[in-house]
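The values are calculated or read from the model by the stated rules, or taken from the named source; none is laboratory data. Quick caveat: nothing in here was measured; it's all calculated off a predicted structure. For neighbour counting, all protein chains shown are included, and Cβ atoms are generated from backbone atoms with ideal geometry for every residue, glycine included. Ligands, DNA and RNA are stripped out before the accessible areas are found, and what is left, the full protein with its side chains, is counted by its heavy atoms. Shrake-Rupley method; radii C 1.70, N 1.55, O 1.52, S 1.80 Å.
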2 protein chains.
Amino acid sequence: MGVNDRKEREKEELRALILAAAVEVFLQKGFDNTSIRAIADKIEYSPTTIYLYFKDKAALFHAIHQEGFKLMFHHFGPLQQVADHFERLLLQGRYYLDFAFQNPELYDLMFLQPGTMEALPEDLEWMEGNAAFASLVQNVQACIDARIIWAESAEVLAFTIWASIHGIASLQIQKRCNKVISEHLKPHIATLAFEQVNLMLKSYRIDKASKA
Amino acid sequence: MGVNDRKEREKEELRALILAAAVEVFLQKGFDNTSIRAIADKIEYSPTTIYLYFKDKAALFHAIHQEGFKLMFHHFGPLQQVADHFERLLLQGRYYLDFAFQNPELYDLMFLQPGTMEALPEDLEWMEGNAAFASLVQNVQACIDARIIWAESAEVLAFTIWASIHGIASLQIQKRCNKVISEHLKPHIATLAFEQVNLMLKSYRIDKASKA
DNA sequence: CAAACGTACTGAACACTGTTCAACAAAACA
DNA sequence: TGTTTTGTTGAACAGTGTTCAGTACGTTTG
């Protein structure tokens, strides 16, 4: 049955085409101004066609949000080469912030838009988010096991770390930073953020002096 | 001219009526489902009338956001009675999180929705946010001056504190918490958040042992 | 008191949005 | 060749923010 194979391939291709166009429009015009009709126009198909490949607009945005996570995991790739546990944890924080600052619209969709969570397919788990958080917990646990840092619960500490870094990213992306911070500090927000991450993580570090 | 006075009073009253209805619909139906027509229906006026009192939907939401800040400042009221600088700073963190958890929709509008910032009247300053941040900076500065905590810059530390707490509030309100945190931790998110605030603030405290 | 004015208000319309459904054309199969 | 399946779409529905010409009423003036 070579015919069915080809048809399935073509279906996959059109789905990918729609998704690519959706990402493009989304990154160009932002969340609120991304309409089904605009996406359809871009690929020269009828708006109705999109509904044959995605249940509704929420499902389409969920697919975009998945692309965002793919990109983020790709961004995290180099971490696997870092052997030192604490260094790896530090870097993950930096890479996370890097990703947020470099892809504000995607970060918004992944971690800020509430709709993205409400539209999880069939109320299943948030796989992408869980995977990302699990990798953070794992890195924290490695530090605890190696007695580099101390914490009662790796999960709680990981959540704390995540919240702090996310807070900076969120304030920046949702434009609360620039309205509040002094003019002379604005160019250094990214630097400040990194220093903050370092400082926070190091405050959990077991003091080597107290060991001796 | 008693007539003009009365007219101005009536105009003010209708504006207040529209705003109250807008807040009510907003708190009931959420940001996305608050339509001009729904607000107009509630007060039995034509949708067109609303545009005689508010330039557009963004201006109306800006007014709601102002109401939110009024409520928050009211929430902060008891702080003025707290004489101990460090205790006051701690409490401000708790009250801020309290406010966020108790008024998620308002917090969303005030600190998360990007539209709220883009629609500042005539690109002026973000007065409400600036005032709130200034009060935090002031409390931090008081702690620094009293040599309770150490920091190079009160503003930078205030920003760091704000970002951390906002991060927790943001993850909670935008529903990323419940999807990622273990089942047994969920009932304690608020508690965890408070402990996190305490821990973070205390890590900046000047160690009394090192003084001696 | 009656006519003119000013203004608070509105109905209808425009251009958009997401979404659905009956209709159609073309490809696949018999 | 005739039938069925499949991919695609135009038109429509209900909703959105917003505008503008028009109305109706309270106030001021002649």
Cβ neighbours within 10 Å from other chains - mean over B:178-188: 4
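Among the GluC sites (Glu not before Pro) in region B:1-104, which ones are in a DSSP loop with at most 10 other Cβ atoms within 10 Å of the Cβ? Mind listing them?
On the way: sites: B:Glu8, B:Glu10, B:Glu12, B:Glu13, B:Glu24, B:Glu44, B:Glu67, B:Glu87; in loops: B:Glu44.
Those that pass, being in a loop and sparsely packed, are B:Glu44.
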Residues in region A:150-170 occluded by at least 40 Å² - accessible area, probe radius 1.4 Å, against chain by itself: A:Glu155, A:Val156, A:Phe159, A:Trp162, A:Ala163, A:His166
For the pair B:Asp56 and A:Ala146, what calculated FRET efficiency results from E = 1/(1 + (r/R0)^6), where r is the Cβ-Cβ distance and R0 = 41 Å, to the nearest 0.05? 0.10
What does the charge dipole of region A:1-148 about its Cα centre add up to, to the nearest 20 debye, if the Cβ of each Lys and Arg holds +1 and the Cβ of each Asp and Glu holds -1? 200 debye
Probe radius 1.4 Å, ligands and nucleic acids ignored: give me the carbon and sulfur share of the accessible area of region A:1-54 as a rounded percent. 49 percent
As an exercise, identify the GluC sites (Glu not before Pro) in region B:110-206 lying in DSSP coil whose Cβ has no more than 13 other Cβ atoms within 10 Å. B:Glu125, B:Glu152
Lys and Arg at +1, Asp and Glu at -1: neighbours of A:Pro187 with Cβ under 15 Å from its Cβ sum to -2
So what's the net charge close to B:Gln113: Lys and Arg +1, Asp and Glu -1, counting the other residues with Cβ under 14 Å from its Cβ? -3
Distance in nm between label sites at B:Phe73 and A:Arg15, each 7 Å beyond Cα in the beta-carbon direction? 5.4 nm
For chain A, what is the mean residue ellipticity at 222 nm derived from helices alone (per DSSP H run of n ≥ 4: -39500 (n - 2.57); sum divided by total residues; nearest 500 deg cm²/dmol)? -22000 deg cm²/dmol
What angle, in degrees between 0 and 90 and rounded to the nearest 10, separates the Cα long axis of helix A:127-145 from the longest principal axis of the Cα atoms of chain A? 20 degrees
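Taking a quarter of the surface of the convex hull around the Cα atoms of region A:65-211, what do you get in nm²? Can you show the working numbers first?
Working: hull surface 40.8 nm².
One quarter of the hull surface, i.e. the mean projection, equals 10.2 nm².
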1/(1 + (r/R0)^6) with r = Cβ-Cβ of A:Glu183 and A:Asp41, R0 = 35 Å, i.e. FRET efficiency to nearest 0.05, evaluates to 0.25
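Let me confirm one metric for peptide B:112-125, namely the mean number of other chain beta-carbon atoms within 10 Å of its residues' beta-carbons.
Per residue, the number of nearby Cβ atoms from other chains is 3 on average.
With +1 assigned to the C-beta of every Lys and Arg and -1 to the C-beta of every Asp and Glu, and no other charges, what is the dipole magnitude of region B:1-46 about the Cα centre in debye, to the nearest 20?
Charge dipole of region B:1-46: 60 debye, to the nearest 20.
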Could you tell me the center-to-center distance, by alpha carbons, between region B:1-70 and region A:119-167 in angstrom? 43 Å
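Over all distinct Cα pairs, what is the inverse of the mean 1/r for region B:57-109, reported as the Kirkwood hydrodynamic radius in Å?
Numbers: mean 1/r = 0.0836 Å⁻¹.
The Cα-based Kirkwood calculation yields 12.0 Å.
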Using the Cα centre as the reference, give the magnitude of the dipole from point charges on the C-beta atoms of the protein assembly as shown (Lys, Arg: +1; Asp, Glu: -1; all else neutral), rounded to the nearest 20 debye. 640 debye
In the protein assembly as shown, taking the dipole from +1 charges on Lys and Arg beta carbons and -1 charges on Asp and Glu beta carbons about the Cα centre, the listed residue (B:Gly129, B:Leu90, A:Tyr107) farthest towards the positive end is B:Leu90
Can you send over the solvent-accessible area of B:Asp5, 1.4 Å probe, protein chains only, in Å² to the nearest 10? 100 Å²
In a shell of Cβ-Cβ distance under 12 Å around B:Gly68, excluding B:Gly68 itself, what net charge do Lys and Arg (+1) and Asp and Glu (-1) give? -3
With axes computed from alpha carbons, what is the tilt in degrees of helix B:189-203 against the longest principal axis of chain B, rounded to the nearest 10 within 0 to 90? 50 degrees
In whole angstrom, and with the biggest value first, how far do the Cα coordinates of region A:1-48 range along each principal axis? 43, 18, 12
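Between A:Gln28 and B:Ala131, what FRET efficiency follows from the Cβ-Cβ distance if R0 is 30 Å, with the result rounded to 0.05? If you can, show how the numbers build up before the last one.
Values: r = 36 Å, r/R0 = 1.19.
That pair, A:Gln28 with B:Ala131, gives E of 0.25.
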Provide the per-residue ³J(HN,Hα) series for region A:98-105, in order, calculated from phi with Karplus coefficients 6.51, -1.76, 1.60 and θ = phi - 60°, each as a whole number of Hz, with x at glycine and proline positions. 3, 4, 4, 6, 7, 10, x, 5
Just how much of A:Ile43 is accessible, in Å², when a 1.4 Å probe is used and the result is rounded to the nearest 10? 20 Å²
Identify the trypsin sites (Lys or Arg not before Pro) of region B:1-59 meeting these criteria: DSSP loop state and at most 16 other C-beta atoms within 10 Å of the C-beta. B:Lys55
At q = 0.06, 0.07, 0.09 Å⁻¹, work out log10 I(q)/I(0) for the protein assembly as shown with the Debye formula, treating every Cα as an identical point scatterer and leaving solvent out; two decimals please. -0.30, -0.41, -0.66
Long-range amide H contacts for B:Ile149: which residues qualify at under 5 Å (H placed 1.01 Å from N, peptide plane, sequence gap of 5 or more or a different chain)? B:Ile144, B:Ile206
